[in-house]
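Here is the structure we will look at.
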Amino acid sequence: IEKLVSMGRIIRAQRKGRGGIFKSHTHHRKGAAQLRPLDFAERNGYIRGVVREIIHDPGRGAPLARVAFRHAYKHKTVKQTFIASEGTYTGQFIYCGVRADLAIGNVLPVGQLPEGTIVCNVEQIVGDRGRFARTSGNYATIISHNVDTKRTRIKLPSGVKKTIPSMCRATIGIVAGGGRVDKPLLKAGNAFYKYKAKTNRWPVVRGVAMNPVEHPHGGGNHQHIGHPSTVSRYAPAGKKVGLIAARRTGRLRGTKVLPYKGPE
């Protein structure tokens, strides 16, 4: 039987996909930060909770809020972990539901909110418990409502405009912990501890600093790539590094003229 001999080394981009030492460091995390499961109380009225504590979640820039609600059918409390909006404090009452007030920290369907409202932790599908605008300092904006189709247009933190069902819920306000990226890390030690809590993706060794066996950009008497850094979408995994399937490269210069689509 012939032995299959693999030529070259498995490069870093391939090793990352397999997990192993590249798995995220989740041991000390506080659990999924989600809205309440959608129930009768939220669909038809409101339910009141109280913020018990504001906690730090390792690997996450935004603080979390532990909110205690009364159980719908039993004599006990149910704790939910929300993403804290800016201005949330311990002892604060949080109201969730269609009939909740328009106040920071409350959770309402986007269809109930006036245009221009700043929201965070927005659902993509009704009942999915929050998908958009979840990182520190981020927010989405309500643009318009379509009463006939029962859909709402929102502007995401990236600037993309998206249409979602009007029954999708969102938290009012911006996510707490904003301005985090404004302060520089200053030294390698701070970057080390930042990524120690997240996952094994630091430090990043440049491909041109490697040997030819370890990276397509490696080798040569000077640190240079030696061929175009653009690479095909259909390149094999060990070659797929650099600018993958680039439509264009280089600096964005000048202004982009967009076709007029009429008022939003």
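The values are calculated or read from the model by the stated rules, or taken from the named source; none is laboratory data. The structure displayed is predicted, hence computed values, not measured ones. Methodologically, a virtual Cβ is constructed for each residue, glycine included, from the backbone with ideal geometry; neighbour enumeration extends over all protein chains shown. With ligands, DNA and RNA removed, areas are computed over all heavy atoms of the protein, side chains included. Shrake-Rupley method; radii C 1.70, N 1.55, O 1.52, S 1.80 Å.
Observations on the model:
- Projected label points at A68 and I244, each 7 Å from Cα along the beta carbon direction, are separated by 4.7 nanometres.
- Cα centroid separation - region 1-67 against region 82-119, whole Å: 24
- Placing one equal scatterer on every Cα of region 113-192 and applying the Debye formula, the log10 ratio I(q)/I(0) at q = 0.19 Å⁻¹ is -0.76.
- Radius of gyration, Dmax [region 62-186; alpha carbons; angstrom]: 15.0, 53
- Fluctuation leader among G45, G250, G226 - the chain, Gaussian network, Cα springs under 10 angstrom: G250
- Region 171-264: C-alpha gyration tensor shape, a/c 1.5 cut-off, then a/b vs b/c: oblate
- Listed residues H215, Y193, G20: farthest to the positive end of the dipole of the chain (Cβ charges): H215
- Anchor K161: aspartates and glutamates whose Cα lies under 16 Å away (excluding residues fewer than 8 positions away in-chain): E115, E123, E264
- Cross-linked pairs K23/K198; K30/K198; K16/K196; K162/K198: Cα-Cα separations exceed 19 Å for K162/K198.
- Near R29, no amide H atom lies under 5 Å from its own; only residues 5 or more places off or on other chains count, and H is placed 1.01 Å from N.
- Hydrodynamic radius of region 171-220 per Kirkwood, over alpha carbon pairs, in Å: 14.1
- Region 1-143 - Debye-derived log10 I(q)/I(0), Cα point model, q = 0.10, 0.18 Å⁻¹: -0.44, -1.08
- On the chain, 53 percent of the accessible area sits on carbon and sulfur atoms, based on a 1.4 Å probe.
- Label zone at V181 (point 7 Å along Cα-to-Cβ), backbone N below 12 Å, region 103-135: 135
- Projected area averaged over orientations for region 1-62, convex hull of C-alpha atoms, nm²: 9.7
- Stretch gain in nm, segment K30-T77, where the contour uses 0.36 nm per residue and the Cα spacing is subtracted: 15.1 nm
- Spin-label pair Q14/T141, simplified geometry with 7 Å Cα→Cβ offset, distance in nm: 4.7
- Size of the chain as Cα extents on the principal axes (Å, biggest first): 69, 50, 50
- Two-site FRET efficiency, M7 against I55, from Cβ-Cβ distance with R₀ of 51 Å, rounded to 0.05: 0.50
- 9 Å beta-carbon shell around T163, net charge (K/R +1, D/E -1): +4
- The distance between label points at A188 and R43 comes to 5.7 nm (points 7 Å beyond Cα on the Cα→Cβ vector).
- Set against the 2.2 N^0.38 Å expectation for a compact globular protein, region 15-98 has a Cα radius of gyration ratio of 1.35.
- Shape call, region 63-109: gyration tensor on alpha carbons, a/c limit 1.5: oblate
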